[in-house]
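Undergrad: Dropping the structure in here first, questions after.
The values are calculated or read from the model by the stated rules, or taken from the named source; none is laboratory data. The structure displayed is predicted, hence computed values, not measured ones. Note that we place each Cβ from the backbone using ideal geometry, even for glycine, and neighbour counts take in every protein chain shown. Calculation scope for accessible area: heavy atoms of the full protein, side chains included, ligands and nucleic acids excluded. Shrake-Rupley method; radii C 1.70, N 1.55, O 1.52, S 1.80 Å.
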Amino acid sequence: MINVFLFLSAGIITGWCLKKRKKALFVFDKSLTASVFLLLFLFGVEAGTNEQVTGSFLKTGFSAILLSTGAVAGSIILIIPVYKLIFKDDPKEEKK
Amino acid sequence: MKDSLIIIAFFAVGLFLGIYDFLPEIMINNSYSTYALYLLLFLVGISMGADRKTWLLLKNKGKQLLFVPAAITAGSLAGAGAVSVFLPEISLKEAAAVGAGFGYYSLSSIIIAEIHSDLLGVTALLSNISREIITLALTPFFVKYFGPLSSVASGGATAMDTTLPVIAKFSGKEIAAVALFSGFVLTVLTPFAVTLILNF
């Protein structure tokens, strides 16, 4: 877990420092796209050779859709009072 | 949308090759993916850190607007967690971790597969892809019945890129700025939240 945070934070700091180096950022952006493709490919291979995964595709798909429905419903329920708080009660959020 | 399809295609090709055993043993039993994940996290961090405009928006207007991603975070975790009652094979913690993907399927599924299990990783991938699809398809309905911010809530982390056009169209320009902000905060939060929940 520490490693996840370490690499992310190191990246955020590096990105912050590089924010004006357009060329370097372009290269990093392309490498990001490439590594997402590579990792998802590897993840696919791993999942494909895992019988626990290949034996239960339909069930996994069903759970997945149910989970996203729950997450979307929960988010929408909680955003309704926030909308009222930010956009209705306040005169408008334009004090700056 | 094109990028999403390419990403899914890479996963699908890998899956196909894995299932039909087309690959040499060395590609299957390796630990490259851990190092590749670290590289990915570093690169994701760079793209976040360099997004100066959004950081400034966060600094200037952050306080009140932070309620938006905060509500979406609480709602996603609670909503996915609640659904786990109907899914005996998925624990509350696992469900919350999938919910914490906020639609950012590539990174959340890769992290979950790496630190938890392939099966939950695949669940996270499919679940968060479907969150994006639900948002693209149902935004007009959500906005009509639950107000303009509901599209931002449904989009989660994708509200800053893939679902932004549909949000801007149906919720308006003012909400599009909120979507960009909220999506960005959730995008940054995803890897941290997923990892923390699974280690809880």
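Undergrad: How far apart, in nanometres, would the label points at B:K63 and B:F192 be if each is projected 7 angstrom from Cα along the Cα-to-Cβ direction?
TA: Each label point lies 7 Å from its Cα, and together they span 2.0 nm.
Undergrad: Here is a further query. Relative contact order for region B:65-113: what is it in percent, counting Cα pairs under 8 Å that are at least 6 residues apart?
TA: About 32 percent, as a whole number.
Undergrad: Taking +1 at the Cβ of each Lys and Arg and -1 at the Cβ of each Asp and Glu, which of B:S154, B:V68, B:G81 sits farthest along the dipole of region B:34-198 towards its positive end, judged by Cα position relative to the Cα centre?
TA: B:V68
Undergrad: For the pair A and B, how large is the buried accessible area, both sides, in square angstrom to the nearest 100, if the probe is 1.4 Å?
TA: 7100 Å²
Undergrad: Hey, how much of the P(r) for region A:1-55 falls beyond 19 Å, as a percent of Cα pairs?
TA: Cα-Cα pairs in region A:1-55 separated by more than 19 Å: 51 percent.
Undergrad: When the Kirkwood radius is taken over all Cα pairs of the protein assembly as shown, what Stokes-Einstein diffusion coefficient follows at 4 °C and 1.567 mPa s, in µm²/s?
TA: Reported coefficient: 67 µm²/s.
Undergrad: Let me ask something additional. Classify region A:1-95 as rounded, prolate or oblate from the Cα gyration tensor: take a ≥ b ≥ c as the square roots of its eigenvalues, call it rounded if a/c is under 1.5, otherwise prolate when a/b beats b/c and oblate if not.
TA: Oblate, because a/c is 1.5 or more while a/b does not exceed b/c.
Undergrad: Set Lys and Arg Cβ to +1 and Asp and Glu Cβ to -1, take the dipole of region A:1-55 about its Cα centre, and tell me which of A:I13, A:N3, A:G44 lies farthest positive.
TA: In region A:1-55, that residue is A:I13.
Undergrad: Here's something else I'd like to know. If you place +1 on the Cβ of every Lys and Arg and -1 on the Cβ of every Asp and Glu, how big does the dipole about the Cα centre of region B:34-198 come out, in debye to the nearest 20?
TA: Numbers: 10 positive and 8 negative charges, 150 e Å.
Using Cβ point charges on Lys, Arg, Asp and Glu, region B:34-198 gives about 720 debye.
Undergrad: Please check: in the Gaussian network model of chain B (C-alpha springs, under 10 Å), which one of B:F181, B:F86, B:F170 has the largest mean-square fluctuation.
TA: Of B:F181, B:F86, B:F170, the Gaussian network model singles out B:F86 as fluctuating most.
Undergrad: Then there is this: Could you give the Stokes-Einstein D for chain B in µm² per second, using the C-alpha Kirkwood radius, 37 °C, 0.692 mPa s?
TA: Value of D from the Cα-based Kirkwood radius: 187 µm²/s.
Undergrad: Here's a follow-up. If I take R0 = 35 Å and measure r between the Cβ atoms of B:L56 and A:E51 in this structure, what FRET efficiency does the formula 1/(1 + (r/R0)^6) give, to the nearest 0.05?
TA: After rounding, the FRET efficiency stands at 0.10.
Undergrad: Where in chain B are the helices, taken as whole DSSP H runs, whose Cα atoms extend 27 angstrom or more along the long axis and whose Kyte-Doolittle mean reaches at least 0.5?
TA: The answer, listed by residue number, is B:118-146, B:173-198.
Undergrad: I would also like to ask the following. What's the magnitude of the charge dipole for the protein assembly as shown around its Cα centre, counting Lys and Arg as +1 and Asp and Glu as -1 at the beta-carbon? Answer in Debye, nearest 20. Intermediate values should be presented prior to the final figure.
TA: On the way: 23 positive and 18 negative charges, 334 e Å.
Its charge dipole is roughly 1600 debye.
Undergrad: How large is the helix-only mean residue ellipticity at 222 nm for the protein assembly as shown, computed as the sum of -39500 (n - 2.57) over DSSP H runs with n ≥ 4, divided by its residue count, in deg cm²/dmol to the nearest 500?
TA: On the way: 15 runs with 233 residues, N = 296.
Calculated at 222 nm, the ellipticity per residue is -26000 deg cm²/dmol.
Undergrad: Give the Rg (one decimal place) followed by the Dmax (whole number) of region B:143-200, computed from C-alpha coordinates and expressed in Å.
TA: 12.5, 39
Undergrad: Taking 7 Å along the Cα-to-C-beta vector as the label spot, tell me the B:D3-B:L92 distance in nanometres, rounded to one decimal.
TA: Distance between the two pseudo-spin positions: 3.6 nm.
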